[in-house]
Amino acid sequence: MKTVYIASPYSNEDSTIVSQNVTTAMNKAEELFNMGFCPFIPLLSHYYETFHFCRSWEDWINYDLTWLSKCDYVLRLPGKSKGADIEVKKAQELNIPVLYNIEDLINYKDD
């Protein structure tokens, strides 16, 4: 299975937006999983934090970048995000293809 890192917005002062961001990432992951991909959902760390195992933003971005480096592709979901922008930049440095929708991911061919 090809692995797909899902880079997406997360942080927001409005907890409703945070929940929507997590749900969106999970829905995209389910689509990818159903298509035969192996998605990685970094926003599941939201639930880690819910259990009061709080980490710094720097800890989380380092965690995310470590997992990103092991993935075949990055799917960048829409929305403003400092973290997702850092993830895209890192993927580009590692020559990991960054795609912006599932259709492009499906049609992407390794050269």
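Sum up the lysine pairs in the chain that clear both bars: alpha-carbon distance under 22 Å and a spacing of 8 or more or different chains.
20
How do 18-26, 67-75, 99-107, 54-62 rank on mean C-beta neighbours within 10 Å, highest first?
Averaged packing, sorted descending, gives the order 67-75, 18-26, 99-107, 54-62.
Shape of segment 59-111 from its Cα gyration tensor (a ≥ b ≥ c, root eigenvalues): rounded if a/c is under 1.5, otherwise prolate when a/b > b/c, or oblate? Intermediate results must be reported in sequence, preceding the final value.
On the way: a/c = 2.33, a/b = 1.41, b/c = 1.65.
Oblate shape, in that a/c is at least 1.5 and b/c is the bigger or equal ratio.
Obtain the nm distance between the two label points defined at Glu93 and Tyr47 by a simple spin-label model: each point lies 7 Å from its Cα along the Cα-to-C-beta direction.
With each label point 7 Å from Cα toward Cβ, the separation is 3.0 nm.
Taking 0.36 nm per residue of separation and subtracting the Cα-Cα distance, what length does fully extending Met26 through Cys38 add?
That works out to 3.1 nm of additional length.
What number in nm² do you get for the chain if you take the convex hull of its Cα atoms and divide its surface by four? Walk me through the numbers on the way to the answer.
Working: hull surface 27.6 nm².
Over all viewing directions, the chain projects a mean Cα-hull area of 6.9 nm².
Throughout, read-outs are computed from the coordinates displayed, never taken from laboratory work. Bear in mind the structure is a predicted one, so any value in this text is a computation, not a measurement. Positions of Cβ are backbone-derived with ideal geometry, glycine not excepted, and every protein chain shown enters the neighbour counts.
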